[in-house]
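Scroll down for the structure; my scribbles are underneath it.
The values are calculated or read from the model by the stated rules, or taken from the named source; none is laboratory data. All values derive from a computational prediction rather than experimental measurement. All Cβ positions, glycine included, derive from the backbone under ideal geometry; neighbour counts span all protein chains shown.
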Amino acid sequence: MAAFSETVLVQAPIDTVWALVSDIRRTAGLFSYMTITDYVTLAPGHWQFQRTLAIPSVATLSWCEQATVKAEGELHFHAIDGDLPYFAGLWLVAADDAGTRLTLALDYEPPTNVGPRVPASMAQYVIGEIFKSVCRHIKEAAEETAR
């Protein structure tokens, strides 16, 4: 099992950051390699959708995911089916004296379909860089919106 955690300070109001994080389709739209399809609202603050991640030269991964707002500024998510044997985590958006703290924390089992083409350590590195990129893109988008 692998774990990832990243916290970035965002120079934008907490409401701006939360609006972006909790809009799953808008957030996915920030990335050319990520798509969301079959998006369904199961209940207020509870969604299910198909996520596809096309990592150039590595693999295309697809899974069904659910996301649920658990508390103010807290969005939990987990894969329920697909290419990721285990994938679960959360987004935390919290006020900070210097702005807004954005945290992505998750546990995952590296996908099996990258196979022998890529060593497990390389796959974990690439996946970690993708998660860092997600945090950076959300930070940049929120700061741009706040300007």
Just the residues that are surrounded by fewer than 15 Cβ atoms within 10 Å (Cβ to Cβ) and under 20 Å from residue 99 (Cβ atoms), please, taken from segment 20-45.
23
Is there any pair linking a residue in segment 9-33 that is closer than 28 Å to residue 60 by Cα to one that is surrounded by 13 or more Cβ atoms within 10 Å (Cβ to Cβ) and among the polar types (S, T, N, Q), with Cβ under 7 Å and at least six apart or on different chains, and which?
20/27; 21/27; 28/35
Looking at 100, 35, can you tell me which residue is within 26 Å of residue 143 (Cα to Cα), under 14 Å from the mean Cα position of the chain (by Cα) and not small (Gly, Ala, Ser)?
35
Pair list, Cβ < 7 Å and 6+ apart or interchain, from segment 121-147 residues that are touching a residue at least 12 places away in the same chain (Cβ under 8 Å) to residues that are surrounded by 13 or more Cβ atoms within 10 Å (Cβ to Cβ) and of a type in the set (Gly, Ala, Ser):
124/2; 142/12; 143/12; 145/12; 146/12
I'm checking my understanding of the structure. Among residues of segment 5-41 that are assigned to a strand (DSSP E or B) and not hydroxyl-bearing (Ser, Thr, Tyr), which one is modelled with the lowest pLDDT?
34
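Hey, can you tell me all the residues within segment 63-76 that are assigned to a strand (DSSP E or B) and buried (at least 19 other Cβ atoms within 10 Å of the Cβ)?
Scanning segment 63-76 gives 63, 65, 67, 75.
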